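Visitor: Pasting a structure below so you can have a look.
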Amino acid sequence: MPTAHPTSRVYRGVAFVLRPILFAITRRDWQGTQNLPATGGYIAAANHMTNIDPLTFAHFLYDNGRAPKILAKSSLWKVPGLGWLLTQTGMIPVHRSTTAAASSLADAVAQLEAGECVAVFPEGTLTREPDLWPMMGKTGVARLALVSRAPVVPIAQWGAQDLLGRYKKLFKPIPPKKIAVHAGPPVDLSDLYDRPLDTATLREATDRVMDAVTVLLEEIRGEKAPAERYDVRKHPGSEGRS
């Protein structure tokens, strides 16, 4: 699959700078690329372990034909310079727990309808699970999938935490780190399309996506995830870090 060629010159410029760096500091184990739709809008849903993995996630998608539009917390738009870059590259701000939250969904649906790849981290933040397994996902990915009816491709990544640890500031690019990014077949949510978008439906769809991501990560790591998915609501204080 050819490398993406986004219409945004800023996006192409960012990729021109970052791709050689990522090639230099990583050894890539990319699998399941046949599961990435070549055309049409789709949702790429991945686990989230460290602040560097949006780049390794985007690298995988970009070099397999699609320039992802990533859903990211709106506070990033307040960082001088970064906010401009995010806007110019078409990233989508997520307004958490505000009246503007609906606009994030509408923006993402519009991108999907325009045939774009929308990349999401269903957990909504870095996993709090002690061993970096996916934790319980938020239902935003389910709402987006059921409203848009776009395919949801589960993606697991592992190794980015060796470049930059969770909550760490020390970047470790030397020696190059092995980065595994594996995509699975789209998650079947078709039986949920005509059900009411209530809590039960959204939770079931979200769990299906997280289950698919977790299975892929188990295959990469060669071990089993905990039987019960980590839930920040059961661990007071763990939700305090972003």
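Visitor: Which order do TRP133, TRP30, TRP84 fall in if you start with the one that has the fewest other Cβ atoms within 10 Å?
Guide: In increasing order of surrounding Cβ atoms, one gets TRP84, TRP30, TRP133.
Visitor: If you don't mind, another one. Using alpha-carbon pairs under 8 Å, 6+ residues apart, how would you state the relative contact order of the chain in percent?
Guide: This gives 27 percent for the chain.
Visitor: Still on this model: Report, for the chain, the % of DSSP beta bridges that are antiparallel, rounded to 5.
Guide: 20
Visitor: With θ set to phi - 60° and the Karplus curve 6.51 cos²θ - 1.76 cosθ + 1.60, what are the ³J(HN,Hα) couplings of segment 127-140 in order, to the nearest whole Hz, using x for Gly and Pro?
Guide: 3J(HN,Hα) across segment 127-140, in whole Hz: 4, 9, 4, x, 9, 6, 6, x, 9, 4, x, 7, 7, x.
Visitor: Restrict the search to segment 140-242; then list the GluC sites (Glu not before Pro) that DSSP places in a loop and that have at most 12 other Cβ atoms within 10 Å of their Cβ.
Guide: Passing sites in segment 140-242 are GLU223, GLU228.
Visitor: Also, I was wondering about something else. With contacts defined as alpha carbon pairs under 8 Å and 6 or more residues apart, what's the relative contact order of segment 72-181 in percent?
Guide: Value for segment 72-181: 16 percent.
Visitor: Would segment 1-45 count as rounded, prolate or oblate if I go by the C-alpha gyration tensor, calling it rounded below 1.5 in a/c and otherwise prolate when a/b exceeds b/c, oblate otherwise?
Guide: Taking the square roots of the gyration eigenvalues as a ≥ b ≥ c, segment 1-45 is oblate.
Visitor: Which of PHE23, PHE121, PHE16 comes first, and how do the rest follow, when ranked by fewest Cβ neighbours within 10 Å?
Guide: Least to most surrounded, the residues fall as PHE16, PHE23, PHE121.
Visitor: Once you have a ≥ b ≥ c as the square roots of the Cα gyration tensor eigenvalues for segment 1-130, tell me rounded if a/c is under 1.5, and otherwise prolate or oblate according to whether a/b is larger than b/c.
Guide: Judged from the Cα gyration tensor, segment 1-130 comes out rounded (a/c under 1.5).
Visitor: Something else: Name the residue farthest towards the positive end of the dipole of the chain from the options ALA44, PRO186, MET91, assuming +1 on Cβ of Lys and Arg, -1 on Cβ of Asp and Glu, about the Cα centre.
Guide: MET91
Visitor: Taking other Cβ within 10 Å of each residue's Cβ, how do VAL215, VAL120, VAL109 sort, fewest first?
Guide: VAL215, VAL109, VAL120
Visitor: Please work out the C-alpha center-to-center distance from segment 1-55 to segment 97-149 and express it in whole Å.
Guide: Taking the Cα centre of segment 97-149 as reference, the centre of segment 1-55 is 18 Å away.
Visitor: Count of lysine pairs in the chain with Cα atoms under 21 Å apart, counting only pairs 8 or more residues apart in sequence or on different chains?
Guide: Number of lysine pairs found: 12.
Visitor: Give me the Å³ per residue figure for the convex hull around the C-alpha atoms of the chain.
Guide: 131
Visitor: While we're here: For segment 62-146, what class follows from the C-alpha gyration tensor (a ≥ b ≥ c being the square roots of its eigenvalues): rounded when a/c is under 1.5, otherwise prolate if a/b is larger than b/c, else oblate?
Guide: The shape class here is rounded.
Every number here is computed from the coordinates shown, using simple stated rules; none is lab data. Quick caveat, the model's predicted, so the values are computed rather than measured. Quick reminder, even Gly has a Cβ in these numbers, built from the backbone with ideal geometry, and neighbours come from all protein chains shown.
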